[in-house]
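Colleague: Pasting a structure here, questions to come.
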Amino acid sequence: MKAEKLLTMILMLLAFTISSTDAEAKNKTSIERGMTKQQVTAILGTPGNTSFDQYGEEWEYYKTGLYPFYRSRRIIVGFDANGLVVTYHSYYLDDNDLQHNAEGSPKSVAIPVPVYQDDVYCISDKDLAIICNAIKNASFKNDKYALIEVASLGCYYSCSQCATIMKLFDFNDEKKKALQYMAPRIVDPQNANVICNLFDFSDDKNEVLRLIQGR
């Protein structure tokens, strides 16, 4: 039964990885400044809502992720008076506040997705919790590392998120081993001190810095 449970967790994280990787691939053909309305429609489809004023037009979309990680996302594309893209905003929606209006379009307080250099996004707190729970429920250390390895195939992490996962391990060597899988996917290496603060000795801190800098 333990083996079946572990396999289920790995498959769930693998599904999450595939979803994240697909999102990255889509970003390669994402909305860019200067695109026409036809180009935007080809990528995002027909907008759910539109509005305009004397300065231009705004299109609004709502997208939902695939099972098992349903993530509602609000996208707003702004056009100038010539019909060319001048602004693009993407937000994840807070499921606790999500509501629907009479037309079926969700309304919510939008939560900006953390973005770092080169338009790379780190995982959300919700997805981080899913990964942490899977690690906590794994019975053996090697299984925990396997889950991190699978998740890291398609995730990007902030240093703070890495530290959260590393805290699930008791010993320094275990923390550093977990970091080995995540280090290549860190988006904010300038905040490495957040991870270094988990360790008391300079040798451990230096090793952690080498892992992060060599990502």
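Colleague: I need the full set of residues from segment 161-184 which are aromatic (Phe, Trp, Tyr) and closer than 20 Å to Asp125 by Cα, in order please.
Modeller: Let us first name the residues in segment 161-184 that are aromatic (Phe, Trp, Tyr), namely 169, 171, 181.
Hits for segment 161-184 are Phe169, Tyr181.
Colleague: A follow-up question, please. Just checking, how many residues over segment 62-95 are in contact with a Ser or Thr (Cβ under 9 Å, 6 or more places away or on another chain), open to solvent by 40 Å² or more (accessible area, probe 1.4 Å) and at pLDDT below 70?
Modeller: Counting residues in segment 62-95 that are in contact with a Ser or Thr (Cβ under 9 Å, 6 or more places away or on another chain), open to solvent by 40 Å² or more (accessible area, probe 1.4 Å) and at pLDDT below 70 gives 5.
Colleague: If Glu58 meets every condition in (1) open to solvent by 50 Å² or more (accessible area, probe 1.4 Å); (2) outside any loop (DSSP other than H, G, I, E, B); (3) modelled with pLDDT under 85 apart from one, which number is that one?
Modeller: Glu58 satisfies every listed condition except (3).
Colleague: Continuing with the same structure: Being closer than 28 Å to Tyr92 by Cα and assigned to a helix (DSSP H, G or I) narrows it down to one of Cys155, Cys162, so name that one.
Modeller: On the way: Cys155 fails: assigned to a helix (DSSP H, G or I).
Exactly one residue qualifies, and that residue is Cys162.
Colleague: Of the residues in segment 173-187, how many are open to solvent by 50 Å² or more (accessible area, probe 1.4 Å) and either polar (S, T, N, Q) or modelled with pLDDT of 95 or more (or both)?
Modeller: 3
The values are calculated or read from the model by the stated rules, or taken from the named source; none is laboratory data. Since we're looking at a predicted model, the values are computed, not measured. Please note: Cβ atoms are built from the backbone with ideal geometry, for glycine as well, and neighbour counts cover all protein chains shown. Just the protein is used for accessible areas: all its heavy atoms, side chains included, with ligands, DNA and RNA removed. Shrake-Rupley method; radii C 1.70, N 1.55, O 1.52, S 1.80 Å.
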